[in-house]
Structures are given as C-alpha cells and as structure tokens.
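The values are calculated or read from the model by the stated rules, or taken from the named source; none is laboratory data. On a predicted model such as this, the values are computed, not experimentally measured, just so you know. As a convention, Cβ positions derive from the backbone with ideal geometry for all residues, glycine included, and neighbour counts pool all protein chains shown.
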C-alpha cells in the first residue's frame, strides 16, 4: 500500500543486484516505475524484453536524468551504486525514500533468514548450506518446511517470490559487502549469520580494508536477539569477532574448522581442495542448528556438485584437465585455487584493476604454478610479482591465453582460469568470462 500511488525509480538493471526482480515487483505495486541504467539498450536487451511491454514502466537506458530523481517518491538502488552517488543525493534532498532490494526483502519476508558472507567461498557455502538444509525439509525431527536460496549468489529473484515464502520456511542468502552496507541503514541482519573469511576486496569502493571489514561486521552487529553467529576459526579477524560477540548473552556463537568434518563426509565430498572442506564445515555447522538428520546429511554431502565458474571442471583434453574458476575476482581466491591441486598447474589470470595488491599471489604462483598466462588490465602488475621457476606469458584475448596454455600443457597437468580480478575490462561479468572459457575449451 505504501507504493500504491508513488513514482518509484529502480536504479541499476545489471544481472547482479536484482534490478529486474526489483523492477517487476515495483511494477506490480507502484503507480509509475522508472527503470534507469547507464548501459545502453543493446547491452540491456534482455531487460527491455522483460520490462518494455509493462504499461507503467518507463526505461531510461544509457543515462540517468536529474529530473527523474527530483520527482521520485522512492528510489530502489542496485548494490553496485555507491551511497554518495550524486543522483541519490538529489533524490534525498528532494525527500525521496532510498532503499534496496535486500532491505525491502528483509521487511517483507516472514521466514528465518540465514546469511553467508566473506571474501572467498561464500557462494559455495551458501549453495551448500541450502542443499544440506533441503535434505532435512519436512523431516520429523526438523521444524521447517521449504528452503529458499537467493541474494548475491546470482540473479535470483527475492521480491518476486516473497509472497510465496511462509513463516516456517528458511531463506539462505549470500550477502555482499555492498548489501551489508544497505542492510545497516535499517540496523537489521539475518537470524543466523556465517562468515567464511576476510581479505582485501572492493577497495575501489570501500577505500580501505578496515572499511570493507566494518561493512561485513554490520551483519553480526545488528543481528536480532536469539541470533546464531558462526565464525571461521582459521581466520584471524573472524576469530577475534567470535571472542567479541560470544560475550553477548542474547546470541549463540560458534566456530567452525575443517577438522570438524567427519571422515565419511570427507570421502563423500566431491569438491577439491582444503578451502572447500572449510566451506563444508561451515555449512554443516548451520545444518546442525536445524537438526538435519545424519543420514540425510550424508546423502546431501555426496550429491553436491560445484557451482558454475567456481573451480568448475570443464573438460579433459589429451590428459590435461581444464577448470573454470571465473568467480575468482581477488588474489586470495586465486591462491585458494592454486592450493586445490597437487599436480602441475598452468594458470590463466588477469583482468579489471580493483586496486588490490598482488604480492602474495605472485609468491604463490612462483611456488605452485608451472606457468602463468596473463591477460587484461592487470597483466603487467601481476607479472611484476611472479618469479621463476614459473614461466610468464601474455595474451591479448582469453582465447589466445587458452591456446597458449594448451601448447604448454603436458599429460597430467591442469589448466585453471582463475583471474584474481574482476572481468569488466574485457567481459560483461564473471559469468560471461566463464562461459567464453568453457565454450572455447569444449570446442578445442
């Protein structure tokens, strides 16, 4: 009812951040919707197809118009838009309500919310948590009905499905630092919250690592009474948060560690590397809070497969295995990929410059990789940190990088595309980058 006679701006229609989901929801509830994005009609053809025929939706593509923000009653903003954006300032000065998809979802959703955040592993842990909890849904010893998955994990609808979510359901959400900032505006956070780890990321937005950590910590700071807070025992910062918040008598604090995973689960689990075992430990800790039966857990652990673009096995060609790890947009996540294999590695890395340091990644490449092929805006910066015995090569396209890797690889090697950088210098997003890699490798 709040939106019934209002003009609503949906700012940002990108595939991540829920722009289409938000616009479709606003079209059902508001008098007028203006969907605005700096990208042009050609790049947003899929959005035009979904929104263009709705009678109360106007599309502003390729620009933002000042007068729209002056006359709006509500602006629902994409997480990628920084809070100090000049158009948001104009809307605030004109008295508009500023909100977001995630903030609206928290106000509207009646179910228990389970959040997962962190620098690395959060998507896998989020999906794995939902997978394990679904194994217990409707069982005699559990007290929940359905399990929903959404948030930053992809272009999952939240507002479009919220009317179907019941109070006795569970919702598992991946929450980014940008979304955490937005939720902090309402001083709200999930009932159950887990953090995987912390490492520098999005410094082009947050400015400092301390600011990035503070945004993530809001997800614990604003949890409601009776909340459950789960921290990674192996991460120094999250361990310190555990020590801080376990003094709060109104919440339950827990730690997780790979050593907690039972051996039969380890043997059933298909994902490679110790980092994925840590992700499993965290997901099992959450499943344990909802009494998922052991036999159901065992079956679920064995049936979980890697998410697309996350150390995703693509193909084996002439004894060489190719993996797509396009989700790796930080040096730390690429270090995790390098640690996942015991055989010779040929790494493809590089991309958009988020102003992150590459010194530690350079050391890891030097120590674990047979060779690295570098692409994109950060190619020279990464190369400067890599020393022998790893060989250094450059390519002007991802396809040429794959061909170079193929020429260097021998039977028993793995080729891993784990860029350590965002994709925006050469691709629309990490999914586009991963799809190009996957398609080219399969057709080689």
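From 328, 395, 337, 371, grab the single residue that is touching a residue at least 60 places away in the same chain (Cβ under 8 Å) and either more than 26 Å from residue 196 (Cβ to Cβ) or out of contact with any strand residue (DSSP E or B) (no Cβ under 7 Å at 6 or more places or on another chain) (or both).
328
Can you tell me which residues in the stretch 167-180 are under 24 Å from residue 281 (Cβ atoms) and more than 14 Å from the chain's Cα centre (by Cα)?
Of everything in the stretch 167-180, those that are under 24 Å from residue 281 (Cβ atoms) and more than 14 Å from the chain's Cα centre (by Cα) turn out to be 170, 171.
Residue by residue through the stretch 338-373, note down the ones that are modelled with pLDDT of 95 or more, in a helix (DSSP H, G or I) and under 23 Å from the mean Cα position of the chain (by Cα).
338, 360, 361
Does residue 183 satisfy being modelled with pLDDT of 95 or more, under 20 Å from the mean Cα position of the chain (by Cα), under 27 Å from residue 355 (Cβ atoms) and outside any loop (DSSP other than H, G, I, E, B)?
On the way: modelled with pLDDT of 95 or more: yes; under 20 Å from the mean Cα position of the chain (by Cα): yes; under 27 Å from residue 355 (Cβ atoms): yes; outside any loop (DSSP other than H, G, I, E, B): yes.
The answer is yes for residue 183.
Against the conditions (1) within 25 Å of the chain's Cα centre (by Cα); (2) at pLDDT 95 or above; (3) surrounded by fewer than 18 Cβ atoms within 10 Å (Cβ to Cβ), where does residue 406 fall short? Just the number, please.
Result: residue 406 fails condition (1) only.
The rows are residues; the columns are (1) within 29 Å of residue 174 (Cβ to Cβ); (2) touching a residue at least 60 places away in the same chain (Cβ under 8 Å).
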position: 12; (1), (2): yes, yes
position: 27; (1), (2): yes, no
position: 33; (1), (2): yes, no
position: 37; (1), (2): yes, no
position: 46; (1), (2): yes, no
position: 65; (1), (2): no, no
position: 82; (1), (2): yes, yes
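Testing residue 290 on (1) within 22 Å of residue 434 (Cα to Cα); (2) over 22 Å from the mean Cα position of the chain (by Cα), one condition comes back false. Which one is that?
(1)
Filter the stretch 25-47 for residues that are buried (at least 21 other Cβ atoms within 10 Å of the Cβ) and either modelled with pLDDT of 95 or more or closer than 21 Å to residue 94 by Cβ (or both) and give the result. Write out each step before concluding.
Step one: of the stretch 25-47, the residues buried (at least 21 other Cβ atoms within 10 Å of the Cβ) are 25-26, 30, 33-37, 44, 47.
Within the stretch 25-47, 25, 26, 30, 33, 34, 35, 36, 37 meet the criteria.
Out of 381, 392, I need the residue that is surrounded by fewer than 22 Cβ atoms within 10 Å (Cβ to Cβ) and farther than 30 Å from residue 39 by Cβ. Which one?
392
Search the stretch 1-13 for residues being crowded, with 21+ Cβ neighbours inside 10 Å and assigned to a loop (DSSP other than H, G, I, E, B), and hand back the single one that is modelled with the lowest pLDDT.
Per the criteria, the residue is 13.
Would the stretch 91-114 turn up any residue that is farther than 30 Å from residue 223 by Cβ and either touching a strand residue (DSSP E or B) at 6+ places or on another chain (Cβ under 8 Å) or in the same structural domain as residue 175 (by TED's automatic domain parsing) (or both)?
No: the stretch 91-114 contains no residue that is farther than 30 Å from residue 223 by Cβ and either touching a strand residue (DSSP E or B) at 6+ places or on another chain (Cβ under 8 Å) or in the same structural domain as residue 175 (by TED's automatic domain parsing) (or both).
Answer yes or no as to whether residue 306 is assigned to a loop (DSSP other than H, G, I, E, B) and buried (at least 18 other Cβ atoms within 10 Å of the Cβ).
yes
Looking at the stretch 55-79, which of its residues are surrounded by 16 or more Cβ atoms within 10 Å (Cβ to Cβ) and over 17 Å from residue 40 (Cα atoms)?
Matches in the stretch 55-79: 68, 69, 72, 73, 74, 75, 76, 77, 79.
Given the stretch 194-285, what helices (runs of 4 or more DSSP H) lie entirely inside it while holding 1 or more residues that are in contact with a helix residue (DSSP H, G or I) (Cβ under 7 Å, 6 or more places away or on another chain) and over 27 Å from residue 339 (Cα atoms)?
By residue number, 203-206, 209-221, 236-245.
Determine which single condition residue 337 fails, assuming it passes every other condition in (1) surrounded by fewer than 24 Cβ atoms within 10 Å (Cβ to Cβ); (2) out of contact with any helix residue (DSSP H, G or I) (no Cβ under 8 Å at 6 or more places or on another chain).
Answer for residue 337: the failing condition is (1).
For the stretch 407-415, indicate whether the set of residues that are farther than 20 Å from residue 318 by Cβ, in a loop (DSSP other than H, G, I, E, B) and in contact (Cβ under 8 Å) with a residue 12 or more places away in the chain is non-empty.
no
Quick check, is residue 160 in a helix (DSSP H, G or I), more than 15 Å from the chain's Cα centre (by Cα), surrounded by fewer than 23 Cβ atoms within 10 Å (Cβ to Cβ) and modelled with pLDDT under 95?
Here the answer is no, as residue 160 does not meet what is asked.
Inspect the stretch 218-226 for any residue being more than 20 Å from the chain's Cα centre (by Cα), closer than 24 Å to residue 293 by Cβ and surrounded by 15 or more Cβ atoms within 10 Å (Cβ to Cβ) and give the result as yes or no.
The answer is no, given that none of the residues of the stretch 218-226 is more than 20 Å from the chain's Cα centre (by Cα), closer than 24 Å to residue 293 by Cβ and surrounded by 15 or more Cβ atoms within 10 Å (Cβ to Cβ).
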